[in-house]
Amino acid sequence: MIKNERQFHITKSQRDKFAQALNEILAPENKQPQIHPLLQKAQEDALRSQLIELDQQIKEYQDLKNGKTQLEIKSLEDLPVLLIKARIAAGLTQKDLAIKLGLKEQQIQRYEATNFASMNLSKLIQIIKIIGLTLPKRLLFSLDKMENRQNNTKLTV
């Protein structure tokens, strides 16, 4: 996932290099009869696959920046990626967010690189407010089939 403009430019550059490599392999004058056709096809497929992946990342980043995507969280595990995407969609750079939180840009980069693993809850709530995310008023937790270890009974909510 592309998280900032620097990564965006690097990804575009990498995409161009893969496209150039694919064009070189496909050029009739570069066909090498000593290379087995299956190996040549595998090389082409690998380059195409990488191009598709890079194109998807570039498009996702551009769509986020242009507000052309809807963000939805389906599980708590999705929250870190949602926060990054929401920051981008809100038009905030990592530096902008850092300034609003009173942190250094590198700290935001570390948080995002580790999916906010070391962030405390109060900072997380601050980020949610700054980005402008709205959370549902009601969170549902299912404790079905969970055993209470103290009295060995099942809990249901």
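No lab work stands behind these numbers, since they all come straight from the coordinates. Just so we're clear, the structure is a prediction, and the values are computed from it rather than from any experiment. Backbone-built Cβ (ideal geometry, glycine too); neighbour counts: all protein chains shown.
For this structure, a couple of remarks:
- Extension gain for I73-Q32 works out to 9.8 nm (0.36 nm per residue, less the C-alpha to C-alpha distance).
- Within the stretch 67-99: backbone nitrogen closer than 16 Å to the Q7 label point (7 Å, Cα to C-beta): 78-98
- Net charge of Cβ neighbours under 13 Å - reference K31; Lys, Arg +1; Asp, Glu -1: -2
- Per-residue Cβ neighbour counts within 10 Å put T11, T134 in the sequence T134, T11, beginning with the fewest.
- Computed from the C-beta positions of R138 and A117, the FRET efficiency with R₀ = 25 Å rounds to 0.40.
- Ordering Y111, Y61 by the number of other Cβ atoms within 10 Å of each residue's own Cβ, fewest first, gives Y61, Y111.
- In terms of packing, defined here as the mean over residues of other Cβ atoms within 10 angstrom, the peptides 37-50, 13-26, 66-79 line up highest first as 13-26, 37-50, 66-79.
- Debye log10 I(q)/I(0) at q = 0.08 Å⁻¹ for the chain, Cα point scatterers: -0.41
- Per-residue [θ]222 nm for the chain (sum of -39500 (n - 2.57) over DSSP H runs n ≥ 4, rounded to 500): -19000 deg cm²/dmol
- Taking the charge dipole of the chain about its Cα centre, with +1 at Lys and Arg Cβ atoms and -1 at Asp and Glu Cβ atoms, the residue from T69, L22, Q43 reaching farthest to the positive side is T69.
- Near D16, once Lys and Arg are set to +1 and Asp and Glu to -1 for all other residues with Cβ below 13 Å from its Cβ, the sum equals +1.
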